[in-house]
Amino acid sequence: MNENTELVARTEQNVERVNRLPLTVPVVDIFENDHEILLHADMPGVAKEDISVDIDNGKMTLSGTRQLHLTGAATWREFADTEFRRVFSVPQSIDIDKVHAELKDGVLRLHLPKSEAAKPRQIEIKVG
Amino acid sequence: MITRMNNLDSLLGAMDLFRNRMNTMFNEFDRGVGWTGAETYPRTNLCDTGDNLEVIAELPGVSKADVNVKIQGNYLEISGTRKSDIPEGYKVHRIERETATFSRSFTLPYDVDANQVTATLKDGLLKMTLPKSEAAKPKQININ
């Protein structure tokens, strides 16, 4: 018989403590024209370097964290540190390499350009 | 029959939690804001840092020119417009971000010196530092 009891004797390790921020779903506007899909998302208080946009396997995860660094005694508090996160399905026709975004006044404007093949094309009919 | 102490503990813990919730709820009512739901716009935080009161308001997508702040004694009013930013020539799929005029007024716990108020608007947050008026500032008393 195997005398190795390590499997049972091993003390349970402490689960890693992760300081998770509460999640907020940002409100978004979505527009489209012939060249791109444009997404506006409200992310008040999020700095540019704290925003990440990940596109993987047809899913786009938009995430931004807000750290308010409040000082003093709170008389009232209606909003706090949070993570804005929302996941979208991205159509295959998007040219992922050309996705770009800008942040202004706490609004993220994300441009998702369509690939050349997906753009509408007018076919000219020749007279035979 | 004696049940496990454990159960009693968790029961009392739950009651504590409930009591805390009730307390914060009553505090909210005391300051006249009531329930802060989605219709409360803009949402604000008020901090007391001793000499100053600091107000932060969430104003995403609002430019400097579209916000007005009025202060008189211990009355503060934040108003303005959230303009629509629908780009030209685009088809609209979804609109969740509201566009409207807004106005919210507060009674501050102290009188503030309106001449020395500083306000900045960055990343959609309006931060204001409101110095308390001389009479409202905390004073160190020397004991002889």
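Kindly establish whether A:Lys98 is at pLDDT below 90 and of a type in the set (Lys, Arg). Judged against the criteria, A:Lys98 is not a match.
Checking B:Lys139, B:Lys127 one by one, the residue that is assigned to a strand (DSSP E or B) and of a type in the set (D, E, K, R) is B:Lys127 and no other. Just to be sure I understand, how many residues within region B:39-50 are surrounded by fewer than 22 Cβ atoms within 10 Å (Cβ to Cβ) and at the interface with chain A (Cβ under 10 Å from one of its Cβ atoms)? Count: 7. Working only within region A:53-73, note down all residues that are within 11 Å of chain B (Cβ to nearest Cβ), among the small types (Gly, Ala, Ser) and either surrounded by 13 or more Cβ atoms within 10 Å (Cβ to Cβ) or part of a loop (DSSP other than H, G, I, E, B) (or both). Correct list: A:Gly64, A:Gly72. Taking every residue in region B:50-72 that is without any contact (Cβ under 8 Å) to a residue 60 or more places away in the chain and pairing it with any residue that is surrounded by 17 or more Cβ atoms within 10 Å (Cβ to Cβ) and among the acidic types (Asp, Glu), at least 6 positions away or on another chain, the pairs with Cβ-Cβ distances below 7 Å are B:Ser63/A:Asp105.
Quick one: in region B:90-130, of everything that is under 12 Å from B:Val62 (Cα atoms) and of a type in the set (Asp, Glu), which residue is modelled with the lowest pLDDT? Step by step, filter region B:90-130, then rank; the result is B:Glu98.
The values are calculated or read from the model by the stated rules, or taken from the named source; none is laboratory data. Everything quoted here is computed from the prediction, not taken from an experiment. Note that we place each Cβ from the backbone using ideal geometry, even for glycine, and neighbour counts take in every protein chain shown.
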